[in-house]
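> The structure follows.
The values are calculated or read from the model by the stated rules, or taken from the named source; none is laboratory data. A quick note: this is a predicted structure, and the numbers were derived from the prediction, not measured. Using ideal geometry, Cβ is built from the backbone for each residue, glycine included, and neighbour counts are taken over all protein chains shown.
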Amino acid sequence: MTHNWTSRLVTLLAAGMLLSAACSSGAKSNSKVPPAFSDNPTTISGISTVAPYPVAVARSDGKPLSIAQAPARIVSLSPGATEIIYAIGAEATLAAVDKNADSPDAAKSFPTKVDAFEPNIEAIAALKPDLVIVASDTGGIVAKLDELKIPVFYVDIDKSVKTIDDIFVQISLLGRVTGKTEKADALVASLGERRKKVELAVRDIVDSSATKVYHELDETFYSASAGTFVGDIYRILHMKNIAGDGGGVAYPQLTQEAILAANPGLIVLADESFGVTVDSVKARPGWSAIDAVKNGQILGVDPSIVSRPGPRIIDALEAIAKGAYPDRFK
Amino acid sequence: MQLARPRATALAPARAPALMTWRALAPTYALALAATVAVALFAVSWGTVHIAPLTTLSILIGHLPFVSTGEHSATTEAIIWQVRAPRVLLAGLVGATLAYSGAAYQGVFRNPLAEPYLIGVASGAAVGATLIIISPLFVAAWIISPLPPAAFAGALSAVALAYGLARTAGRVGTASLILSGVAVSSMCTSLVTYLMLTYNTRTLAILTWLLGGFNTASWQKVAISAPYMIAGGALILPFARLLNVMQLDEDEARQLGVNVERIKLGVLGLASLATAAAVSVSGLIGFVGLIVPHAVRMIWGPDYRRLLPLSACFGASFLILADVVARSIDPGYEVPIGVVTALIGAPFFLYLLRRQNRASEGRA
């Protein structure tokens, strides 16, 4: 019986959701992105002068995608992409969003929804999309869409969106795909500006005085490694992420012992919506020995902001920066 | 399961010789228990964070009543006493429970493939746990987490349902019990799968629970589950002789004056109760309940008076060591313990199996 469970569920796990603890490739940065692009995302004005169509997209599976004209019926299976599309004012192109899309409110109440976790190819095809955005190739959906000759914008979050720069790249790309290049560039510029402000405020922090941080994804001690866009927040803030490189796993499960031994000075809770609270963390047996608990340095952050590769990641960066260094951000 | 018949027929009337036999078994029990304790002590002193065995021992002894062994750093103290000690103890209790329950199930069903999850404990517990995880009730802030009680209730409901469905005219045939158990299990399994897909923001939490493990072990979990696991083992042991008799044909056992139905209900009830408690605090850990009793049988023979307690000790040591491996493969990170139990357990079991086969061929 257990074997049934395990095999069936492991397949699901591997099929991958955002927090999937499944394998992650070793590549540090997104090789499909021109270096100038990812190194300096605040000055991408060069992009807007590029002839709008066709737009070439490098998919996560290595296959090319060329979009000949502005899509008008996009089915977005990625809550992050949906958020970006709204933020760049391209929501008129949406035909359906995934049922976990919860931001902005208009996406939450979008009339047509599809299930990204168990994508139904018939339901998607029936919507007659001219572009489907896929963030995780669940159940071989990409191959099925390819077979039906439906263009797939496939960017695997775990493989291809590992830094905040990568999120900026996604915004620019979706801008070009939907014909909202200028709006997207302006958004990236303003997000980059806000990030710059945070960077300037913490630039004098050196490694030796870096705060050790434990980022909690759920009550069984899953965390985000340095190789994720969540981990990128702590790199920007000059903090030492106790999850390290995750032993090669993007979202590893830490042992309780390792958390106690690392003695973090800051605990960030991305699991408040699952009932974990500052008080419940304080009440965990043995956790009173941790500096963050002793000094009340426990911070709750809305998981839908901090766990989603969309524009609000900068909100998360600012919230964590303010919570961690209140005197630097007034 | 070939059992010496004379011993079985001598069972019903004579009490005195049986008592002597129990006493003769005492040294074996003591030795097995001592080995288990040694394994547990090793596991407490072993971990990602290096803490000297003497410091470990000193901290453990310091928690005995009326003993003071001086001050230790708060972190070291917390790691040994709040993290490792309950973790090892819980792994030991769960391992013991799964193993003796597996032995008991195999005895009642007279089926080598029987294991403690056979008639719905695991899948029932999974439904209970899943419902709590997806419900707004899942408040980790609660002083007592509602998760273990819910899993426990789910496990017992599923077993009761399977038992009730299999019962006809006051009798429960083992074959129909297995079938109704399998049916109830698959019903529960599909329900969990459905819930997991529907509430997919909590999929990882459900999955983590299903895969099982001891990363969140605490004294509280030990306290709420240990009574069932210890009592279950203690109360099943007196059934050992009757289980021996039942290894004959059920009808023959009846002719010998054995109340087969009462044994079935008693042994399965106790084993299910204990397994439900184990599963509720550790999730679904496979392999232990199936393989450990067989390994013990291959080494020490099929007598249930030896099989039950030795399975418990062997299961405890096995799961404690598997957990040590699970937290040591990649220091600081967890590996699902079910993966470890299968990875270490399967080759060891196959080795025993081949050795036994070769031995019986040699005799032939």
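> Having 3 or more residues that are of a type in the set (A, V, I, L, M) is the bar; report the helices (runs of 4 or more DSSP H) wholly within segment A:119-169 that clear it.
Filter on segment A:119-169 gives A:121-126, A:141-147.
> Can you tell me how many residues within segment A:224-260 are facing chain B (nearest Cβ under 10 Å), assigned to a loop (DSSP other than H, G, I, E, B) and in contact with a Phe, Trp or Tyr (Cβ under 8 Å, 6 or more places away or on another chain)?
So the answer is 6.
> β-branched (Val, Ile, Thr), in a helix (DSSP H, G or I) and in contact with an Asp or Glu (Cβ under 6 Å, 6 or more places away or on another chain) - does that describe any residue in segment A:173-187?
no
> Pairs needed: first member in segment B:293-312, of a type in the set (Val, Ile, Thr); second member anywhere, part of a helix (DSSP H, G or I) and at pLDDT 90 or above; C-beta distance under 7 Å; at least 6 residues apart or different chains.
Listed by first residue and then by second, the contacts come to B:VAL296/B:LEU307; B:VAL296/B:LEU310; B:VAL296/B:SER311; B:VAL296/B:PHE314.
> If I filter segment B:184-221 down to residues being among the hydrophobic types (A, V, I, L, M, F, W, C) and touching a Ser or Thr at 6+ places or on another chain (Cβ under 6 Å), which single residue comes out as farthest from the other protein chains (Cβ to nearest Cβ)?
B:LEU195
> Sticking with this structure for a sec: Go through segment B:65-86 and count every residue that is surrounded by 12 or more Cβ atoms within 10 Å (Cβ to Cβ) and more than 13 Å from chain A (Cβ to nearest Cβ).
So the answer is 1.
> A further question on this structure: With the structure loaded, tell me whether B:LEU156 is away from chain A (no Cβ under 12 Å), among the hydrophobic types (A, V, I, L, M, F, W, C) and either farther than 26 Å from A:TYR251 by Cβ or part of a helix (DSSP H, G or I) (or both) or whether it fails that test. Break it down stepwise before answering.
Numbers: away from chain A (no Cβ under 12 Å): yes; among the hydrophobic types (A, V, I, L, M, F, W, C): yes; either farther than 26 Å from A:TYR251 by Cβ or part of a helix (DSSP H, G or I) (or both): yes.
It is true that B:LEU156 is away from chain A (no Cβ under 12 Å), among the hydrophobic types (A, V, I, L, M, F, W, C) and either farther than 26 Å from A:TYR251 by Cβ or part of a helix (DSSP H, G or I) (or both).
> Let me ask something else about it. Tally up the residues in segment A:92-118 that are of a type outside the set (Lys, Arg) and in a helix (DSSP H, G or I), please.
Pass one, segment A:92-118, residues of a type outside the set (Lys, Arg): A:92-98, A:100-107, A:109-112, A:114-118.
Still in the list and also in a helix (DSSP H, G or I): A:92-93, A:105-107.
Final tally of qualifying residues: 5.
> Now for a different question. Only one of B:GLY47, B:GLY62, B:GLY95 is within 15 Å of B:ARG327 (Cα to Cα) and either in contact with a Gly (Cβ under 8 Å, 6 or more places away or on another chain) or within 11 Å of chain A (Cβ to nearest Cβ) (or both). Can you tell me which?
The match here is B:GLY47.
> Same structure again: Checking A:SER103 against (1) within 14 Å of chain B (Cβ to nearest Cβ); (2) buried (at least 23 other Cβ atoms within 10 Å of the Cβ); (3) in contact (Cβ under 8 Å) with a residue 60 or more places away in the chain, which test does it fail?
All conditions are met except number (2).
> Exactly one condition in (1) modelled with pLDDT of 85 or more; (2) on the phi < 0 side of the Ramachandran plot is not met by B:GLY345; state its number.
Going through (1) modelled with pLDDT of 85 or more; (2) on the phi < 0 side of the Ramachandran plot one by one, B:GLY345 breaks only (1).
> Here's something else I'd like to know. Mind checking which residues of segment A:222-240 are of a type outside the set (A, V, I, L, M), within 30 Å of B:LEU147 (Cα to Cα) and in contact with a helix residue (DSSP H, G or I) (Cβ under 6 Å, 6 or more places away or on another chain)?
A:SER225
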